[in-house]
Amino acid sequence: MCFFMLRASSKIYCLVSFISVLILLWAFYLYSQDSVQNRIGLMCNDNTAAAMKTHTYVVEVKRCSNKDSWSVGNLLMPTGLTYSQPNTQRGRTDVNCVTNWNVPLVWEGTFDPLVIDAIYKKTDPRVGVMIFAVGKYTRFLKGFLETSEKYFLTGFRVTYYIFTDSEKDIPAVPLGEGRNITVLPVPAARRWQEVVFGRMKWATITIDKQIRNETDYLFLMDVDSLFYHRFGAESFSRLSAVLHRGYYKKTERVDFPYERRPESRAYIPFGEGDYYYTAAVLGGYLEDMYNLVRYCYEQSEEDASNNIEAVWQEESHLNKYLLYNKPTKVLSPEYLWSDYDRVPADIKVVRISQLKKNYKEVRPNGGH
């Protein structure tokens with residue numbers, strides 16, 4: 001009897017021990033899985049951080065936090081629109097219409113105005129135009145605004161952000177539906193270089209402080225210009241830059257007027273470069289324009305702290321930025337010509353042109 005009781009107790013003990021071992025093994029398995037997952041997570045985080053640290057750019061870009069930023073999205077068009085059939089065999093053959101990074105280089109004859117405007121009007125973007133009218137440059141406001149209302153993005157919502165040191169000189173110009181003016185006071189300048197550098201500074205501050213929720217697409221333009229022909233939605237892209245009229249044909253990159261002094265943050269070595277872009281007209285999505293203007297502002301400030309000024313001020317920093325952060329659309333010199341220059345055969349249309357003026361008379365430091 002005792003023998004059988006001992007055998008039964010032994011079996012129960014063994015069974016309990018076996019179950020206990022199984023429970024311990026299961027607990028150890030769960031613990032090890034958590035540890036592995038945690039280690040994997042840490043490794044992923046470490047690898048991501050390492051990748052972010054090693055994935056550096058020649059030009060540092062700081063993003064603005066606007067997760068709901070506007071974009072064109074799908075290229076939707078209203079039904080029933082009548083337009084000419086596109087052709088794969090005909091077009092401009094006298095000029096190049098695409099860059100070597102495969103984005104459009106826009107000329108008259110490379111798009112259908114009816115189609116492109118219809119597509120973008122469907123997205124109904126809020127367009128901002130920043131212009132600086134400081135000192136005697138207020139005299140150019142009336143002509144700029146009047147011709148802009150006739151030719152610039154007609155039928156779109158447009159706000160002109162006018163930076164000026166003389167609010168009383170803002171002209172009363174009739175504006176179309178959905179178009180308005182916002183006046184932003186800035187200090188007077190002693191040197192014209194302060195005005196051009198100030199554009200990037202005040203553009204950065206204004207985007208940060210005021211217009212982030214007012215504008216989807218932003219242009220920077222020079223006020224001493226007149227529009228002569230339609231300037232439409234074909235100019236839209238994430239970042240659109242305009243070829244400088246003086247260097248777009250046969251200029252070798254070694255002869256571009258880039259900043260060549262290594263001491264400047266705008267420095268571009270000989271042997272590098274795509275095009276030379278003007279700073280007098282540029283545009284893009286608000287976030288992309290913010291990145292550009294903030295970069296130019298910060299780099300010029302760093303130059304100033306080192307007692308150096310880039311050869312062409314903010315235009316030098318702009319060209320450095322666009323060399324390493326390619327524009328998503330390049331606009332031909334149709335989008336900024338000059339009344340000083342003869343119009344060549346490849347410029348079929350002058351859309352906007354800078355006016356002739358006496359720089360010594362209009363600039364605060366006599367043009368120097």
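Only the coordinates and a few stated rules stand behind these numbers; no lab work does. Note that the structure is predicted; figures quoted are calculated from it, not measured. Using ideal geometry, Cβ is built from the backbone for each residue, glycine included, and neighbour counts are taken over all protein chains shown.
Report, in debye and to the nearest 20, how large the dipole of segment 105-362 comes out about its Cα centre when Lys and Arg carry +1 and Asp and Glu carry -1 on their Cβ.
The calculated dipole for segment 105-362 is roughly 380 debye.
Using each residue's phi in segment 291-297, evaluate 6.51 cos²θ - 1.76 cosθ + 1.60 at θ = phi - 60° and report the 3J(HN,Hα) Karplus result to the nearest Hz, with x for Gly and Pro.
Per-residue couplings from phi come out as 4, 5, 5, 5, 4, 4, 4 Hz.
Using the 10 angstrom Cβ neighbour count as an exposure proxy, how do 150, 121, 360, 320 rank, fewest first?
360, 150, 121, 320
Taking 7 Å along the Cα-to-C-beta vector as the label spot, tell me the residue 112-residue 205 distance in nanometres, rounded to one decimal.
Label at residue 112, label at residue 205, 4.7 nm between them.
Any chance you could list P(r) for segment 280-326, counting all Cα-Cα pairs in 5 angstrom bins from zero, rounded to whole %?
Histogram of Cα-Cα distances, whole percents per bin: 5, 21, 32, 26, 11, 5, 1.
Full-extension gain between residue 263 and residue 96, please, as 0.36 nm times their residue separation minus the C-alpha to C-alpha distance. Please list the in-between numbers first.
Values: separation 167, 0.36 × 167 = 60.12 nm, distance 3.50 nm.
Net length gain for the segment: 56.6 nm.
Over segment 105-362, what relative contact order in percent results from Cα pairs under 8 Å that are six or more residues apart? Walk me through the numbers before you get to the answer.
Numbers: 471 pairs, mean separation 61.3, N = 258.
Value for segment 105-362: 24 percent.
How would segment 259-368 be classified by its alpha-carbon gyration tensor: rounded, prolate or oblate, with rounded meaning a/c under 1.5 and the a/b versus b/c comparison settling the rest?
Details: a/c = 1.77, a/b = 1.25, b/c = 1.42.
Note, shape of segment 259-368 comes out oblate.
According to a simple spin-label model (label point 7 Å from Cα along Cα-to-Cβ), what is the distance in nm between residue 150 and residue 348?
Result: 2.2 nm between the two label points.
Jot down the radius of gyration and Dmax of segment 105-362, Cα atoms only, both in angstrom.
Taking only Cα atoms of segment 105-362, I get Rg and Dmax of 17.5, 50 Å.
Once fully extended, how much extra length lies between residue 76 and residue 212, figured as 0.36 nm per residue of separation less the alpha-carbon to alpha-carbon distance?
Stretched out fully, the residue 76 to residue 212 stretch lengthens by 46.4 nm.
Give me the net charge for the shell around residue 74: Cβ to Cβ below 15 angstrom, other residues only, Lys and Arg +1, Asp and Glu -1. Numbers along the way, then the final one.
Working: positive: 121, 122; negative: 124.
Surrounding charge for residue 74 is +1.
Can you give the relative contact order of segment 205-324 as a percent, counting alpha carbon pairs under 8 Å and 6+ residues apart?
Once divided by the residue count of segment 205-324, the mean separation gives 32 percent.
Just grab the label-to-label distance for residue 168 and residue 305, each label 7 Å out from Cα along the Cβ direction, in nm (one decimal).
If labels sit at residue 168 and residue 305, their model points lie 4.0 nm apart.
Rounded, prolate or oblate: pick one for segment 249-301, where a ≥ b ≥ c are the square roots of the eigenvalues of its C-alpha gyration tensor, a/c under 1.5 means rounded, and failing that, prolate if a/b is larger than b/c, else oblate.
oblate
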